[in-house]
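**Student:** Okay, handing you the structure first.
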Number of protein chains: 2
Amino acid sequence: MNEKHIPTRLSLSEDETPKFWYNVRADMKAQHEPFLHPGTLKPCTPADLEPVFCKELVKQELDFSTRLIKIPDGLLDFYRATRPSPLIRARFLEKALNTPAEIYYKHEGNNTSGSHKLNSAAAQAYYAKAEGLTSLTTETGAGQWGTALSMACAFFGLDLTVYMVKVSSIQKPYRKAVIETFGAKLVPSPSDTTDVGRSILKNDPDTGGSLGCAISEAIETSVKTDKCRYVLGSVLDHVLLHQSLIGQECKAAFEKYGIKPDIIIGCAGGGSNLGGLISPFIGDKINGKSNTRFIAVEPASCPSLTRGRFAYDFGDTGKTTPLLKMYTLGNGFIPSANHAGGLRYHGMSPIISKLYDDGYIEARAEIQTEVFKAATAFAKVEGILPAPESSHAIKAAIDEAVKCRETGEKKTILFGLTGTGYFDMSAYMSYNDGTMSDKIPTDEDLERGFASLPKIG
Amino acid sequence: MNEKHIPTRLSLSEDETPKFWYNVRADMKAQHEPFLHPGTLKPCTPADLEPVFCKELVKQELDFSTRLIKIPDGLLDFYRATRPSPLIRARFLEKALNTPAEIYYKHEGNNTSGSHKLNSAAAQAYYAKAEGLTSLTTETGAGQWGTALSMACAFFGLDLTVYMVKVSSIQKPYRKAVIETFGAKLVPSPSDTTDVGRSILKNDPDTGGSLGCAISEAIETSVKTDKCRYVLGSVLDHVLLHQSLIGQECKAAFEKYGIKPDIIIGCAGGGSNLGGLISPFIGDKINGKSNTRFIAVEPASCPSLTRGRFAYDFGDTGKTTPLLKMYTLGNGFIPSANHAGGLRYHGMSPIISKLYDDGYIEARAEIQTEVFKAATAFAKVEGILPAPESSHAIKAAIDEAVKCRETGEKKTILFGLTGTGYFDMSAYMSYNDGTMSDKIPTDEDLERGFASLPKIG
């Protein structure tokens, strides 16, 4: 099988694409701790979650055992227009690195939202529509998630209000314009449309806003609006489930061409991309049937896996969500202002956290100038301008390929290219002109973050 | 064959993709008039053209008879990483229009340059490298061509200087940043790096520049630089030849699934995309074997086919190029300042002009608010944010599909989606907020343009 000619783009026909999501929890010997209700500190029940999320999503969130979950036909139709995403053999990168390694990347940026976020946005909008809701609210920082959800809501016919961190909406007017083109209402946050927004503005009229504040405004609006829910683009188990499309397509193509990956690499912020990429692969590792290595790459400026604590924490800085057991820097942690791009969440998906704690996943942190160096090198030979987030995975893939050059090993490396960098050019400009800097949190910075962790038990 | 299930994305495997370009001139019963040397008014010889273009490109430019021209292996490797581009059945647009028509679009925007321009940029850079050149120069207005060429030069290892219209480099700093990320030198034009630039600046220090001026600076620099050539991204026959990849892939996929197009639609500025799209299809029309309709869609603000003259004209406003027999508004014509997006060239590819004059191609002109209306409707259902240029083709495709709804005819429509609109959001913003306006040149405006036509014979 390994002698088969491997094309540069590993195509899948429509009947070879996945019709099911892959629920990695069915392959895990030990599960992550349950979410706790922040008032009672008891495990959350469906009844606790259903006022916040669609019923079907709650069901998915709490389903630890069904390995394959059917993608509804109406959603599959949508996926068929945008997927499979390209799986590309990085022949030119291999050549540039003079490495015996084989490098593949799964390119999730080839849709207008520019990232993998659309996979879960479409699923969440689909279920909202199917359950009779008429609108959704969400928050967005850099804008990838807001864009993806605006596309999904336009497609499924739902109204959407996006609370966008005010400073980001000013810095990225084109992100705002894309979201509005898809018909969503964009509100720079904090705003005077909510109690929490008005209260914040009263105290600090000139604030540029924060993700925590935008989340609070989006939740308040959803609770006050009939047939409306608040939706989230990462961290949660059902989001990882939807993102398993990424890994499923890789697995189908690899099996078609007789390829076995030795190393699978993903960038990690909230963990949705990494979780989706590794979901159908890591079961064999857990069961001792493969030695594949799984590597999470996070920014050195927001190092939840490599320097965080494995503890119960709130999902938001406003301390309103259920408590999640995860690797976290504390909900009060804020990355240094010089940090470009996403991957700035204080915590990490409970699934990824558990797999990491149990030793199935490795983690490493990279500084951003090295990440942009890798991004630029990749762009020049592979012709794709990567998002800063994705470039963390590129950096690790290059490092592993260089090790292969040194040892002579012909390893097969797969990494997730989560998105494109068209809306991140200001960061590229600062890298190009040499003004980009690195700043790693001191131990004192981390202690301040940990101080925000809830005291439990 | 027609009963075969047609997937939403019509995939091609690597061995089904074209290995040859399709030279449409081999199918034409009558050829366009030869280029004339501007000094002697005699047909240009290879010796006239070789100081300006690579030898192989000159050979392609003057080859009217070889139907299939082999794509060199080194270039095919590059194409394999970025192509085939998606060919998508617009099921959601069909549904939204409630039309019996089948609509397909060829999506050329799924690469970092964001458009089909990369197809010819890669070819031109490949030959430059193969012939021992070390650098290229070009001009760019909106930036698509400059981006594509910067990617191609990074890949093939050539230095590149891009003269970008100064006002555009200021309005689109992110385009500039992308071009620089790929290692090209970007010079806002007019500049003090050339005689012509210094002369223009002396007369008008505050000028925002023009495409004509940027072309002149790029040509001057290339002539003065050792092992350097100037390259062009549209209009010329060899550019259309490279773009025939677009049509070849459509034809291969259509034959695979037993689809016969009734109408093929492309936007038309210089004509490279339209020419590439129709190249392998129009021969059957010329030979009476098919009734397929071919429709060129141009902006009403720059209507070279629908309101221009079929005459010899210069390719540039500086009147330095050979004379081309084409539909033209006159090299002195400048579209109204409120015109957004590309498709602002005064002339039209000689091949397209000839096919149009001989009655094989129809043409229509559209106003930009209607074009953006079509773009927005398309984006909402198909999930792709189109470039303003491409949206001219969308507008015509929608109109044709609506006609089918009225007549009940089940026609098969193919249109070229040349690119994405990520760098055109300011135009979308003006459409979204209702400030976008339409302005069609008056007969007097056109007469002023025609006055710039050279007096010949």
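**Student:** In whole Å, what three semi-axes, largest first, describe the equivalent ellipsoid of chain B built from its Cα gyration tensor (square root of 5 times each eigenvalue)?
**Tutor:** 32, 25, 23
**Student:** Label 7 Å along Cα→Cβ of B:N338; the stretch B:413-457 residues with amide nitrogen under 18 Å?
**Tutor:** B:426-446
**Student:** Buried by at least 50 Å² relative to the chain on its own: which residues of the stretch A:68-82 qualify, computing accessible area with a 1.4 Å probe on protein heavy atoms?
**Tutor:** By number: A:A81.
**Student:** Using helices alone, what [θ] at 222 nm do you get for chain A, with -39,500 (n - 2.57) per DSSP H run of 4 or more residues, divided over all residues and rounded to the nearest 500?
**Tutor:** Result for chain A: -12000 deg cm²/dmol, rounded to the nearest 500.
**Student:** With the crude spin-label approximation of a point 7 Å out along Cα→Cβ, what separation in nm comes out for A:I456 versus B:D226?
**Tutor:** With each label placed 7 Å out from Cα toward Cβ, I get 7.0 nm.
**Student:** Taking Cα centroids, how far is the stretch B:60-107 from the stretch B:154-230 in Å?
**Tutor:** When both Cα centres are located, 31 Å separates them.
**Student:** Now a separate question. Check which residues have an amide H placed less than 5 Å from B:M326's amide H, if you skip close sequence neighbours.
**Tutor:** Excluding prolines and chain starts, which carry no amide H, the hits are B:A311, B:Y312, B:D313.
**Student:** Express in % the proportion of alpha carbon pairs of the stretch B:1-93 at distances exceeding 23 Å.
**Tutor:** Across the stretch B:1-93, Cα pairs with separations above 23 Å total 51 percent.
**Student:** Please work out the ratio of the alpha-carbon Rg of the protein assembly as shown to 2.2 N^0.38 Å and round it to two decimals.
**Tutor:** In units of the globular-protein estimate, the protein assembly as shown measures up at 0.94.
**Student:** What is the percent carbon and sulfur in the accessible area of the stretch A:93-222, measuring with a 1.4 Å probe over the protein chains and ignoring ligands?
**Tutor:** 51
**Student:** May I ask you to report, in nm to one decimal and beginning with the shortest, the distances from A:A130 to the same position in the other copies, taking label points 7 Å along Cα-to-Cβ?
**Tutor:** Once sorted, the set of distances for A:A130 reads 5.2 nm.
**Student:** Express in nm, to one decimal, how much length is gained between B:D284 and B:T45 on full extension, taking 0.36 nm for each residue of separation and deducting their alpha carbon distance.
**Tutor:** Length difference between fully extended and current span is 82.9 nm.
**Student:** Tell me the per residue accessible area of chain A using a 1.4 Å probe; a whole number in Å² is fine.
**Tutor:** Per-residue value: 35 Å².
**Student:** Given the pairs B:K95/B:K256; A:K117/A:K354; A:K95/A:K251, which are separated by over 26 angstrom at their Cα positions?
**Tutor:** Table pairs above 26 Å Cα-Cα: there are none.
**Student:** Collect residues whose amide H, placed 1.01 Å from N in the peptide plane, falls under 5 Å from the amide H of A:S290; neighbours closer than 5 in sequence don't count.
**Tutor:** Hits under the 5 Å cutoff: A:K285.
**Student:** Considering only DSSP beta bridges whose two residues both sit in chain B, what percent are antiparallel, to the nearest 5?
**Tutor:** The antiparallel fraction comes to roughly 35 percent.
**Student:** I want to make sure I understand the PRE zone here: with the label point 7 angstrom from the Cα of B:D63 toward its beta carbon, which residues in the stretch B:108-135 have backbone N atoms less than 20 Å away?
**Tutor:** Under cut-off, by backbone N: B:119-133.
**Student:** Using 0.36 nm times the number of residues separating B:D399 and B:A96, minus their current alpha carbon distance, what extension gain do you get?
**Tutor:** Extra length from B:D399 to B:A96 when fully extended: 107.8 nm.
**Student:** What are the nm distances, shortest first, from B:D226 to its equivalents in the other copies, labels at 7 Å along Cα→Cβ?
**Tutor:** Output for B:D226: 8.0 nm, nearest copy listed first.
**Student:** Enter the mean number of other protein chain beta carbons within 10 Å of the beta carbon of each residue in A:171-183, as an integer.
**Tutor:** For peptide A:171-183, the averaged partner shielding equals 5.
**Student:** Buried accessible area between A and B (1.4 Å probe, both chains summed, ligands and nucleic acids excluded), in Å² to the nearest 100?
**Tutor:** Interface area, both chains combined: 3900 Å², rounded to the nearest 100.
**Student:** What translational diffusion coefficient, to the nearest whole µm²/s, does the stretch B:300-457 have by Stokes-Einstein, given a Kirkwood radius computed over alpha-carbon pairs, a temperature of 37 °C and 0.692 mPa s viscosity?
**Tutor:** So the translational diffusion coefficient is about 193 µm²/s.
**Student:** Given the convex hull of the Cα atoms of the stretch A:335-412, what is a quarter of its surface area in nm²?
**Tutor:** Answer in nm², one decimal: 6.6.
**Student:** Show me, for the stretch A:307-322, the HN-Hα J-couplings you get by feeding each phi into the Karplus relation (A = 6.51, B = -1.76, C = 1.60, θ = phi - 60°), rounded to Hz, glycine and proline as x.
**Tutor:** 9, x, 10, 8, 8, 6, 8, 6, x, 10, 6, x, 6, 10, 7, x
**Student:** Output the residues of the stretch A:377-397 meeting this criterion: accessible area (heavy atoms, 1.4 Å probe) in the chain alone minus accessible area with all protein chains in place is 50 Å² or greater.
**Tutor:** A:K380, A:G383
**Student:** Kindly identify the stretch A:229-292 as rounded, prolate or oblate by the Cα gyration tensor criterion: order the square roots of the eigenvalues as a ≥ b ≥ c, call it rounded if a/c is under 1.5, otherwise compare a/b with b/c, prolate if a/b is larger, else oblate.
**Tutor:** Verdict is prolate for the stretch A:229-292.
**Student:** Now, a different point. Please sort B:156-163, A:233-240 by packing, taking for each peptide the average over its residues of neighbouring beta carbons within 10 angstrom, highest first.
**Tutor:** Highest-to-lowest ranking by the protection proxy: A:233-240, B:156-163.
**Student:** Search the structure for amide H atoms under 5 Å from the amide H of B:C267, placed 1.01 Å from N in the peptide plane, and list their residues when 5 or more places away or on another chain.
**Tutor:** Here the answer is B:V297, B:A393, B:G416, since their amide H atoms fall under 5 Å of that of B:C267.
**Student:** How big is the stretch A:279-360 by the Kirkwood estimate over distinct Cα pairs, in Å?
**Tutor:** About 13.8 Å for the stretch A:279-360.
**Student:** Here's a follow-up. Need one number: nm distance between label points at A:D433 and A:E14, each 7 Å from Cα along Cα→Cβ, rounded to one decimal.
**Tutor:** Between A:D433 and A:E14, the label points sit 4.9 nm apart.
**Student:** Placing a label point 7 Å from Cα toward Cβ, how far apart in nm is B:I170 from its equivalents in the other copies, listed shortest first to one decimal?
**Tutor:** 2.3
**Student:** With the calculation restricted to Cα positions, what are the radius of gyration and Dmax of the stretch B:144-238 in angstrom?
**Tutor:** 13.1, 39
**Student:** Be a star and scan the stretch A:141-155 for residues whose amide nitrogen sits under 20 Å from the point 7 Å along the Cα-to-Cβ vector of A:T207.
**Tutor:** A:141-143
**Student:** With no solvent and one point per C-alpha, what does the Debye sum give as log10 I(q)/I(0) for the stretch B:198-346 at q = 0.08, 0.10, 0.17, 0.18 Å⁻¹?
**Tutor:** Rounded to two decimals, the profile gives -0.31, -0.46, -1.08, -1.17.
The values are calculated or read from the model by the stated rules, or taken from the named source; none is laboratory data. Just so it is clear, the model here is predicted, and its values are computed rather than measured. When we count neighbours, we look across all protein chains shown, and the Cβ atoms used for this are built from the backbone with ideal geometry, even at glycine. Surface areas here come from the heavy atoms of the whole protein model, side chains and all, with no ligands, DNA or RNA. Shrake-Rupley method; radii C 1.70, N 1.55, O 1.52, S 1.80 Å.
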